[in-house]
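Below is one structure, written out as structure tokens; comments come after it.
The values are calculated or read from the model by the stated rules, or taken from the named source; none is laboratory data. What you see is a predicted model; the values in this text were computed from it and never measured. Using ideal geometry, Cβ is built from the backbone for each residue, glycine included, and neighbour counts are taken over all protein chains shown. Surface accessibility is based on the protein's heavy atoms, side chains included, excluding ligands, DNA and RNA. Shrake-Rupley method; radii C 1.70, N 1.55, O 1.52, S 1.80 Å.
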Amino acid sequence: MQQRRVVFVIFEGFQSLDLSGPFEVFQQAGRPGPGYDCRIVAPVAGPTRSTSGLRVHADHGIADLDPAGIDTLVVAGGSGVDDAAKDPALVEWIAEAGSTARRITSVCSGVFLLAATGLLTGRRVTTHWSRDGQLRREHPGLSVDTRPIFVRDGRVWTSAGVTAGMDLALALVEDDLGREVAHTVAQHLVLFLRRPGSQAQFSVPLWSTQPATDPIRAVVAAVHADPGSPHTLADLAARAGLSPRHLQRRFTAELGTGPAEYVERVRVEAAQQALTGGDDPVTTIARRCGLGSSESLRRAFHRHCGVTPTDYRNRFRSTEDTEDHP
């Protein structure tokens, strides 16, 4: 593979994890082999202060980095993005670089800086859920969807907040180098991997390998699409076009866990999202997610999370949610 140049755009007040997370993913993916030539550019070369106060040295300023020859442009977000989007020199450089780059991407609110260039007009994009209204107001020419972790519209890739930038980077690596490389990088960095489809803005733990054949992929997709369905071994075997015994053997060989264990893990993850995203009683959530009763949900949570469903809800719900819903 010919080395691909990836250029990260930062500015005063950028979110440091928007840079460091994807940067590490690309660097890991290039070992061994030519991999990626990762560069950091800012309006001016030198130390650039992030929102947390962490300073990152940008080796290049826009005046000295040729905007041509970029494979993938990654624009970070952060609280300083609104001011950055008003910097005509920076916007012009991104517009020129983005016009010839194979891919243009943004992490979190970095989409505002990309949108200022006009490169996103008419595109479907996402950003952090808290910026949904602002993005719609300021850029009505965009099709905004803040439900998924990331969105691809042709050569434009945009992602949700902060850690979703790593999900995005893994998807970009998979697009370049294949599923196995992306999976290996995720395992090495102990990252989270987005599920296929319109996964909500929550990352899913990479607790198994990925299916290698179409019949097992079909089974996995069906389980994720509707965790609350019965998903008996016979049902899953019929979907795969295999005998139950053959499915059990193939599934375990490809994913490292049996179908029943896999289904339970998916159901627990669905319950986790329901517990932090709404006020439904635990009993209702258990039934909807296919775990039957609140006691079954409690036992499954203890096995996989080490806490009760109620403790999980109290621990991971935001302060605002807790205040609104005592």
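The sole residue among GLY290, GLY258, GLY278 that is open to solvent by less than 30 Å² (accessible area, probe 1.4 Å) and touching a residue at least 60 places away in the same chain (Cβ under 8 Å) is GLY290.
Just for segment 158-197: of the residues that are among the polar types (S, T, N, Q) and either in contact with a Lys or Arg (Cβ under 6 Å, 6 or more places away or on another chain) or open to solvent by less than 50 Å² (accessible area, probe 1.4 Å) (or both), which one is modelled with the lowest pLDDT? I'd like the intermediate steps shown before the answer.
Taking segment 158-197 as the starting set, the residues that turn out to be among the polar types (S, T, N, Q) are 158-159, 163, 184, 187.
Still in the running and either in contact with a Lys or Arg (Cβ under 6 Å, 6 or more places away or on another chain) or open to solvent by less than 50 Å² (accessible area, probe 1.4 Å) (or both): 158-159.
Working: THR158: 94, SER159: 91.
Across segment 158-197, the extreme among qualifying residues is SER159.
Listed by first and then second residue, the pairs linking a residue in segment 69-83 that is within 13 Å of VAL111 (Cα to Cα) to a residue that is assigned to a strand (DSSP E or B) and among the aliphatic types (A, V, I, L, M), with Cβ atoms under 6 Å apart and 6 or more places separating them unless they lie on different chains, are LEU73/VAL7; LEU73/ILE104; VAL75/VAL9.
Sort out which residues of segment 146-157 are touching a residue at least 40 places away in the same chain (Cβ under 8 Å) and either open to solvent by less than 10 Å² (accessible area, probe 1.4 Å) or not basic (Lys, Arg) (or both), and write them in order of number. Once the filter is applied, which keeps residues that are touching a residue at least 40 places away in the same chain (Cβ under 8 Å) and either open to solvent by less than 10 Å² (accessible area, probe 1.4 Å) or not basic (Lys, Arg) (or both), segment 146-157 yields THR146, PRO148, ILE149, PHE150, VAL156, TRP157. When TYR36 is tested against (1) under 24 Å from ASP175 (Cα atoms); (2) at pLDDT 95 or above; (3) surrounded by 21 or more Cβ atoms within 10 Å (Cβ to Cβ), just one condition goes unmet, and that condition is (2). With respect to PRO47, determine if the residue is open to solvent by 60 Å² or more (accessible area, probe 1.4 Å), part of a strand (DSSP E or B) and without any contact (Cβ under 8 Å) to a residue 60 or more places away in the chain. The answer is yes for PRO47. Listed by first and then second residue, the pairs linking a residue in segment 96-112 that is at positive phi to a residue that is open to solvent by less than 10 Å² (accessible area, probe 1.4 Å) and in a helix (DSSP H, G or I), with Cβ atoms under 7 Å apart and 6 or more places separating them unless they lie on different chains, are CYS108/ASP18; CYS108/GLY165. Just to be sure before I move on: is ARG250 over 27 Å from ARG147 (Cβ atoms), open to solvent by less than 70 Å² (accessible area, probe 1.4 Å) and modelled with pLDDT of 90 or more in the structure I sent? Taking the combined requirement at face value, the residue satisfies it. The numbered conditions (1) assigned to a strand (DSSP E or B); (2) within 30 Å of HIS183 (Cβ to Cβ) are all true for LEU17 except (1). The condition (being out of contact with any helix residue (DSSP H, G or I) (no Cβ under 8 Å at 6 or more places or on another chain) and within 14 Å of GLY110 (Cβ to Cβ)) is satisfied by just one residue among VAL151, VAL162, VAL125: VAL151.
Of the residues PHE26, PHE8, the single one that is among the aromatic types (Phe, Trp, Tyr), in contact with a Leu (Cβ under 6 Å, 6 or more places away or on another chain), under 22 Å from THR158 (Cβ atoms) and not in a loop (DSSP other than H, G, I, E, B) is PHE8.
Under the condition of being over 13 Å from the mean Cα position of the chain (by Cα) and closer than 16 Å to ARG103 by Cα, the residues counted in segment 136-173 number 4. The residue that is most open to solvent (accessible area, probe 1.4 Å), counting only those in segment 198-217 that are out of contact with any Gly (no Cβ under 7 Å at 6 or more places or on another chain), modelled with pLDDT of 75 or more and not in a loop (DSSP other than H, G, I, E, B), is ASP214.
For segment 60-76, the criterion of being under 22 Å from LEU17 (Cα atoms), modelled with pLDDT of 95 or more, open to solvent by 30 Å² or more (accessible area, probe 1.4 Å) and in contact with a Lys or Arg (Cβ under 7 Å, 6 or more places away or on another chain) is met by at least one residue. Of the residues in segment 104-117, none is at pLDDT 95 or above and surrounded by fewer than 21 Cβ atoms within 10 Å (Cβ to Cβ).
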